[in-house]
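The values are calculated or read from the model by the stated rules, or taken from the named source; none is laboratory data. Here the structure is a predicted model, which means the values were calculated and not measured. Please note: Cβ atoms are built from the backbone with ideal geometry, for glycine as well, and neighbour counts cover all protein chains shown. To get the accessible areas, we keep the full protein, side chains included, count just its heavy atoms, and leave off ligands, DNA and RNA. Shrake-Rupley method; radii C 1.70, N 1.55, O 1.52, S 1.80 Å.
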Amino acid sequence: MTTAIIVAAGSSSRMKTNISKQLIELDGIPVIIRTINVFEFLSEIDSVLIVTRKCDIEIIKKLVSEHNIKKVSAVIEGGSTRQESVFLGLSHLNSGNDDIVLIHDGARPFVSASHIKEIISELRSGSSKAAAIGVPVKDTIKQTNERGYIKNTPDRSKLVSIQTPQGFRYGIIMEAHKKARELNLSVTDDCAVIEALTSEPVKVITGDYNNIKITTPEDIILGEAIIAKIQNNT
């Protein structure tokens, strides 16, 4: 069984609008529907679970119905942080330890189906129990001290910007999230839970720069440009 958990419970504060960023339309289609559809049309995906804000549950259920989406098994309420929302999503599943779960940001509608397949293939092969999409960092990164002065410059050739989906065997990611809650450990992504609380290495699958997260008004402009580019190439 392979399940995709789509996390769409953010406050959208940086979007400067009262509308959830996942509900904003790109070329007439809500971001969340564009995101779900990538997984909907993949035969490798058995089901999709949506974790969102309480106020958006019925809206998303209605959109799922209107767009004739079949793989969404449930739309549930998330938590006050992304980490808590992921834990609630994992806890909702009736998955076995060896089942595969992909955790994806609801505001990343341009993820490539081929990269999702690569993550699933990596996990199914037994080569890894954890894998994520990432792209090489373009800019030079500086680490600063507490006073704001540059402390050092990491080797850019060894840095990647991690995206989603991030994929795992269910048993290892569920156990890691449980431990994180017990230890009150706060993380910003699911790979970090694995890194901090297990000895399991995380495989990075090289993705692409189109897999942006719609977070600010400028991202809407970029998203529309990506759609136009895709349409022109088909």
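One table, with the values for the structure above:
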{"read-out": "Among Gly167, Gly96, Gly207, residue whose mean-square fluctuation peaks in a GNM of the chain (springs only between Cα atoms under 10 Å)", "value": "Gly96"}
{"read-out": "Accessible heavy-atom area order of His115, His104, His67, highest first, probe of 1.4 Å", "value": "His67, His115, His104"}
{"read-out": "J(HN,Hα) series, segment 152-169, from Karplus relation 6.51 cos²θ - 1.76 cosθ + 1.60, nearest Hz, glycine and proline x", "value": "6, 10, x, 5, 4, 5, 9, 9, 10, 9, 7, 10, 10, x, 10, x, 8, 5"}
{"read-out": "In Hz, Karplus ³J(HN,Hα) per residue of segment 123-136 (6.51, -1.76, 1.60; θ = phi - 60°; x = Gly, Pro)", "value": "6, 5, 5, x, 5, 9, 9, 8, 8, 8, 8, x, 10, x"}
{"read-out": "From phi via Karplus (6.51, -1.76, 1.60), per-residue ³J(HN,Hα) for segment 106-121 in Hz, x at Gly/Pro", "value": "x, 9, 10, x, 10, 4, 7, 4, 5, 6, 4, 4, 5, 5, 4, 4"}
{"read-out": "Positive-pole candidate from Pro217, Met1, Ser112, dipole of the chain, charges at beta carbon", "value": "Pro217"}
{"read-out": "Theoretical FRET efficiency, 1/(1+(r/R0)^6), r = Cβ-Cβ of Glu182 and Ser80, R0 22 Å, to 0.05", "value": "0.75"}
{"read-out": "Accessible surface of the chain, 1.4 Å probe, proportion on carbon and sulfur as whole %", "value": "47"}
{"read-out": "Choice from Ser47, Ser65, Ser112 showing the highest fluctuation, given a GNM over the chain with Cα pairs closer than 10 Å", "value": "Ser65"}
{"read-out": "Under-5 Å amide H pairs with Ile5, H placed in peptide plane, nonlocal only", "value": "Leu49, Leu102, Ile103, His104"}
{"read-out": "Pairs of Lys in segment 1-146 closer than 17 Å at Cα, counting only those 8 or more apart or on different chains", "value": "10"}
{"read-out": "Separation between Cα centres of segment 201-226 and segment 157-189, rounded to whole Å", "value": "20"}
{"read-out": "Cα gyration tensor shape for segment 114-202, rounded if a/c is under 1.5, else prolate or oblate", "value": "oblate"}
{"read-out": "Answer label, with semi-axes √(5λ) of the Cα gyration tensor in Å calculated from the coordinates and candidates [x] 33, 20, 16; [y] 26, 23, 19; [z] 35, 18, 17", "value": "[y]"}
{"read-out": "GluC sites (Glu not before Pro) restricted to segment 145-234 and DSSP loop, no more than 14 other C-beta within 10 Å", "value": "Glu146"}
{"read-out": "Rounded accessible area per residue of the chain, 1.4 Å, Å²", "value": "52"}
{"read-out": "Solvent-accessible surface ranking, highest first, for Tyr170, Tyr209, Tyr149 at 1.4 angstrom", "value": "Tyr149, Tyr209, Tyr170"}
{"read-out": "Where trypsin sites (Lys or Arg not before Pro) fall in DSSP loop in segment 144-234, at most 11 other Cβ within 10 Å", "value": "Arg147"}
{"read-out": "Estimated 222 nm signal from helices in the chain, with DSSP H stretches of n ≥ 4 weighted -39500 (n - 2.57), rounded to 500", "value": "-10500 deg cm²/dmol"}
{"read-out": "Residues whose placed amide H lies under 5 Å from that of Thr215, excluding near-sequence neighbours", "value": "none"}
{"read-out": "Order of exposure, largest accessible area first, which applies to Cys55, Cys191 with probe 1.4 Å", "value": "Cys55, Cys191"}
